[in-house]
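The values are calculated or read from the model by the stated rules, or taken from the named source; none is laboratory data. The shown structure was predicted, so the numbers you read here are calculated from the model rather than taken from an experiment. Positions of Cβ are generated from backbone atoms using ideal geometry, with glycine treated the same way; all protein chains shown enter the neighbour counts.
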Amino acid sequence: MNSSDQRPNDSNIQQSAEDFTAGQANAHNIYDKNDTYSLGNRAKLEQKMEEKEKEPNWRDEYHRMNPTSVAEEHGNKPSSGARVDEELLREDEEMLRKKDERRR
């Protein structure tokens with residue numbers, strides 16, 4: 001056999017279960033009446049979508065707590081509004097911390 005002969009690749013022979021369950025993203029639109037999802041599959045997908053919407057997105061929470069982080073991540077200078085928001089957040093946290101200390 002020459003090196004140019006076609007041979008099966010052993011790594012492709014053993015496929016995982018994920019290969020068969022994973023599909024192309026946005027291949028189906030569950031709200032399309034012509035889509036041929038069964039009712040059971042459609043219900044499962046809707047349930048997954050609801051659960052995904054309920055779980056908190058850590059990036060959104062991080063950016064909410066750090067208003068200047070978005071600009072800094074992209075290598076830009078934060079806007080004056082973002083800097084003011086960050087300063088207000090720090091002042092609020094400090095004020096809440098002081099209130100907690102007074103209660104103790």
Count of segment 85-101 residues which are within 20 Å of Tyr62 (Cβ to Cβ), exposed (fewer than 12 other Cβ atoms within 10 Å of the Cβ) and among the aliphatic types (A, V, I, L, M)
2
Restricting to segment 33-66, name every residue that is aliphatic (A, V, I, L, M) and either under 20 Å from Glu93 (Cβ atoms) or touching a Leu at 6+ places or on another chain (Cβ under 8 Å) (or both).
Met65
If we keep just the residues of segment 47-73 that are in a helix (DSSP H, G or I) and of a type in the set (S, T, N, Q), which is modelled with the lowest pLDDT?
Ser69
Any residue in segment 26-44 that is surrounded by 10 or more Cβ atoms within 10 Å (Cβ to Cβ), part of a helix (DSSP H, G or I) and modelled with pLDDT under 85?
yes
